[in-house]
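One structure is given below, encoded as C-alpha cells.
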Amino acid sequence: MRIDARLISANTRRSVTTIQVLVTTLAAVVASGCASGAAASKPAPPPATVSTTGGAAVTATDGAADAAYYRERAAALAKESPDELARTDFGRFRRGRLYAADAMDSKAAQSLEAELTAALDRGDFPAVVDLTSQVLASDEADIRAHMLRAVALGKLQRPAEADFHRGAAVGMIKSIMRTGDGRAVSSAWTVFRVKEEYEIIKVLGCAVVSQSLTSDGARQLDVLEARRPRDGATIRVYFDITELMAEETKLFRARRQRE
C-alpha cells in the first residue's frame, strides 16, 4: 500500500506522547479498543447524502447552505458557551467546513500545526492555548485543535473551558461514528477532510501504518491500515471520501482555468 501525499505533513507526524494524551482524553467516546473498532448507531449513508446529527438528510447540492451554517456555528462556538454545543449539528457543521473558503493558506496551516505539536511535546501549555486559538480562528471544525486546547486548559486549571472544547471534539467525533462502523466498504465512515480520519484512528487507540485509495462504483474511499502500539494488533478502517474528492476535483479544475 502507498501513503497518499496529502497526508505527509506535520499534522500527521505526531509523537507517541501526543497520541497518548489524545487517546487518554477521548477514551470515553468509544468503549471498545482498536481491534474491535467502534459500534455504529446507523448504517453509512449513500454518497449523495449525509445523515446529520439531527437525523435529517442533507443533499449534495446544499454545499452553500451548509457553508453558511458552518460560518454561523463557528462564530457561535468561538464564544465558548456550553449552550452552543447542544445547538450544533456537528455532522452538518463538518460538512459545511468542506465548502467554506479557507481562511489560511496550506503552508501557513502546516507551519502552525508543527508549532502546536512541538509546544505540546515540550509541555508548554500556555503556548498550546495560544496556538490552538490561532488554528480555531481559521478552522473551528479542527478536532485536533479542540482536543489539544482541552488538554492544555485542563493542565492550566481552567476546567470549564477545557470541558467546552472536549465537548466540541467529542461532538464531531460522534457525528463521524454515527455514519457507519468503518469495518468495510459498505459501512465506511463518512469524512469531509483527511485529517478527520486520523482523529478517528487515534480514538481507536491506534497509529496509522499506511493509506490507500479505492473505489466502489461511484464511491471513493480511503483505506487506512493502523496498529495499536501496546500489542501490535492491526486493523483496516474504511472512510468514504466521495464528497471530499468531488469538491477537491472541482477546486483543482477551477484553479487550472484561472492559470
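When region 133-191 is examined, which residues are found to be in contact with a Leu (Cβ under 8 Å, 6 or more places away or on another chain) and either of a type in the set (S, T, Y) or not in a helix (DSSP H, G or I) (or both)?
Listed by number, the residues that qualify are E140, D142, A188, V191.
Among the candidates A74, A109, single out the residue that is in contact with a Phe, Trp or Tyr (Cβ under 9 Å, 6 or more places away or on another chain) and surrounded by fewer than 22 Cβ atoms within 10 Å (Cβ to Cβ).
A74
I need the full set of residues from region 99-126 which are part of a helix (DSSP H, G or I), out of contact with any Lys or Arg (no Cβ under 7 Å at 6 or more places or on another chain) and among the hydrophobic types (A, V, I, L, M, F, W, C), in order please.
Scanning region 99-126 gives A108, A109, L112, A114, L116, A118, A119, L120.
Looking at region 124-139, which of the residues that are without any contact (Cβ under 8 Å) to a residue 24 or more places away in the chain and more than 20 Å from A75 (Cα to Cα) is surrounded by the most Cβ atoms within 10 Å (Cβ to Cβ)?
Filtering region 124-139 for residues that are without any contact (Cβ under 8 Å) to a residue 24 or more places away in the chain and more than 20 Å from A75 (Cα to Cα), the one surrounded by the most Cβ atoms within 10 Å (Cβ to Cβ) comes out as A127.
Checking the condition over 29 Å from S111 (Cβ atoms), at pLDDT 95 or above and surrounded by 17 or more Cβ atoms within 10 Å (Cβ to Cβ), which residue from R183, R166, R144, R149 passes?
It is R183.
Within region 208-224, how many residues turn out to be surrounded by fewer than 16 Cβ atoms within 10 Å (Cβ to Cβ) and among the acidic types (D, E)?
1
If you go through region 237-257 one residue at a time, how many are part of a strand (DSSP E or B) and either loosely packed, with under 10 Cβ neighbours inside 10 Å or of a type outside the set (V, I, T) (or both)?
The total comes to 3.
For E199, work out the one condition from (1) of a type in the set (D, E); (2) in a helix (DSSP H, G or I); (3) surrounded by fewer than 16 Cβ atoms within 10 Å (Cβ to Cβ) it doesn't fulfil.
Against the list (1) of a type in the set (D, E); (2) in a helix (DSSP H, G or I); (3) surrounded by fewer than 16 Cβ atoms within 10 Å (Cβ to Cβ), E199 comes up short only on (3).
Here is a check on your reading of the model: is G205 in a loop (DSSP other than H, G, I, E, B), surrounded by fewer than 19 Cβ atoms within 10 Å (Cβ to Cβ), small (G, A, S) and at pLDDT below 95?
no
Any residue at all in region 140-148 that is in contact (Cβ under 8 Å) with a residue 60 or more places away in the chain and in contact with a strand residue (DSSP E or B) (Cβ under 8 Å, 6 or more places away or on another chain)?
no
The values are calculated or read from the model by the stated rules, or taken from the named source; none is laboratory data. Treat the numbers as computed from the prediction; the structure is a model and nothing was measured. Glycine also receives a Cβ, built like all others from the backbone with ideal geometry; neighbour counts cover every protein chain displayed.
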